[in-house]
Amino acid sequence: MNIHEYQAKQLLKKYGVAVNNGMVAYTPDEAESVAQQLGGPLFVVKSQIHAGGRGKGKFKEPEAGEKGGVRLARTVADVRANAEQMLGRTLVTHQTGSVGKAVKRLYIEAGCDIARELYLSVLMDRAASRVTFIASTEGGMEIEKVAAQTPERIVKVPIDPITGIQPFHARKVAFGLKLEGKQVNACVKFVTAMYQAFMDLDASLIEINPLVVTPAGEVIALDAKMNFDDNALFRHKDVEELRDEDEEDPRELEAARHSLNYITLDGTIGCMVNGAGLAMATMDIIKLYGGSPANFLDVGGGATKERVAIAFKLILSDPNVEGILINIFGGIMRCDVIAEGVVAAAREVSLNVPLVVRLEGTNVELGKKIITESGLPIIAADNLADAAEKVVKAVREAA
């Protein structure tokens, strides 16, 4: 689960992470009121959407002006004027794609003097099996480019799960960022608080980009991004309440309500599979045969006929889907249950794209019989390679 920048800063501030003062605003009147409370002399007006690159982004509507989604303002009147331009407009960044996202709230923050911009994040490093800090002197840039072009500028500090964070870990981060004097102590406090928030809240990522150093030696989070482990949200109802469903894919939300694992992709072949590993293999082999998956969809091991029907409808609700591949290996999940769900859903939605089904495992013969006797134009496949080849071919022929 993702949250907005202002929400992340509110959480981090409770742990002692240094942030600038600011408040959220949903209307130009609220933006003006916040600016009056902050008092100036410099304000930052920030679009709040779940996407990076807001500062370099552009609004679709000409009424929003030429500036991006993060703007400086020197007077209260300027804050209001920018709020009027930005609220309700569609911001396009490199992460939103051409569709963009509507800006429904702004974060009005006090400005600050910046001597240096740095990068700092903490995440679970799967390769090291440890919570790891990643720091770089190249703040404000895309960290992926820094890693690819100048990897020597990235410092990794893994934390031993037995000891937890120790002062020397935080000092190593500070020295990696080339901090000096009292900046080091400020960084140690910052890093320690950041780690505590990460662990306490079951976060999967906390990213500060940029982390700024002021001329006075303060270390401040100028931006903040937090992601959380969905499987741990039952322990954090207060965090779960921060979810902004307007920022999430409607199909993914609907899938979650029915305990389905669904992720929208940008291809044309919809996939329904039981098991995450098999789903990944299915998407890979679709690519191998020249197609492109439109989604990741794992119906799980104990799906019912009703859940399978919902999953099928979810796939077809994507206008980009030109064909569907269902790949089921029946273990706990019975092939006849899958077949009943698929047939019921296909009849209800009036199937109008090629559908290839590959079944194997528990009750496979019964499942194949249900599909054959359905009278629907379903293409049977003998194995995974055969299924991928047939669905790609069917989509091309139907185009």
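The values are calculated or read from the model by the stated rules, or taken from the named source; none is laboratory data. The structure displayed is predicted, hence computed values, not measured ones. Virtual Cβ from ideal backbone geometry, glycine too; neighbours counted across all protein chains shown. Side chains included, ligands, DNA and RNA excluded: accessible areas come from the protein's heavy atoms. Shrake-Rupley method; radii C 1.70, N 1.55, O 1.52, S 1.80 Å.
When the C-alpha to C-alpha distance is required to be over 20 Å, the pairs from Lys9/Lys46; Lys189/Lys237; Lys60/Lys225; Lys14/Lys56; Lys156/Lys237 that qualify are Lys189/Lys237; Lys60/Lys225; Lys14/Lys56; Lys156/Lys237. The overall shape of the range 276-399, judged from the alpha-carbon gyration tensor, is rounded, with an a/c ratio under 1.5. Largest GNM mean-square fluctuation among Val131, Val34, Val337, using the chain with Cα springs under 10 Å: Val337.
Residues Ile114, Ile108, ordered by accessible area of protein heavy atoms at a 1.4 angstrom probe radius and largest first, appear as Ile114, Ile108.
Cross-link reach is defined here as a Cα-Cα straight distance under 24 Å, omitting same-chain residues fewer than 8 places apart; for Lys305 the lysines meeting it are Lys313, Lys368, Lys369.
Taking square-rooted eigenvalues a ≥ b ≥ c of the alpha carbon gyration tensor, is the range 286-355 rounded, prolate or oblate, where a/c under 1.5 means rounded and, failing that, a/b exceeding b/c means prolate? Here the range 286-355 falls in the oblate category.
Grouping the Cα pair distances of the range 49-119 into 10 Å bins from zero gives a pair-distance distribution of 19, 51, 26, 4 percent in increasing distance order.
Computing the accessible area with a 1.4 Å probe over protein heavy atoms, can you report the carbon and sulfur percentage for the chain? Answer for the chain is 51 percent, counting heavy atoms of protein chains only.
Taking the Kirkwood radius as Rh and the Cα radius of gyration as Rg, the range 65-203 has a ratio of Rg/Rh equal to 1.04. Taking Val184, Val349, Val299 as the candidate residues, the one with maximal mean-square fluctuation in a Gaussian network model of the chain, Cα springs under 10 Å, is Val349. A dipole drawn for the chain from +1 and -1 charges on Cβ atoms has a positive end, and of Leu205, Leu376, Leu366 the residue lying farthest that way is Leu205. Just checking the listed ones, Ala77, Ala135, Ala203: in the Gaussian network model of the chain with Cα springs under 10 Å, the one fluctuating most is Ala77. Each of (1) 33, 31, 17; (2) 46, 26, 18; (3) 35, 27, 22 is a candidate for semi-axes √(5λ) of the Cα gyration tensor in Å; the one calculated from this structure is (2).
Against the criterion of solvent-accessible heavy-atom surface with a 1.4 angstrom probe, Glu397, Glu254 sort, most first, into Glu397, Glu254.
Here the Debye sum runs over all C-alpha atoms of the range 80-162 as equal scatterers in vacuum, and log10 of I(q)/I(0) at q = 0.16, 0.19, 0.20, 0.22 Å⁻¹ comes out as -0.90, -0.99, -1.01, -1.04.
Relative to the globular-protein estimate of 2.2 N^0.38 Å, the Cα radius of gyration of the range 120-198 stands at 1.07. Would you mind classifying the range 1-83 by shape? Square roots of the alpha carbon gyration tensor eigenvalues, ordered a ≥ b ≥ c; an a/c under 1.5 is rounded, otherwise it is prolate if a/b is larger than b/c and oblate if not. Since a/c reaches 1.5 but b/c is at least a/b, the shape of the range 1-83 is classed as oblate.
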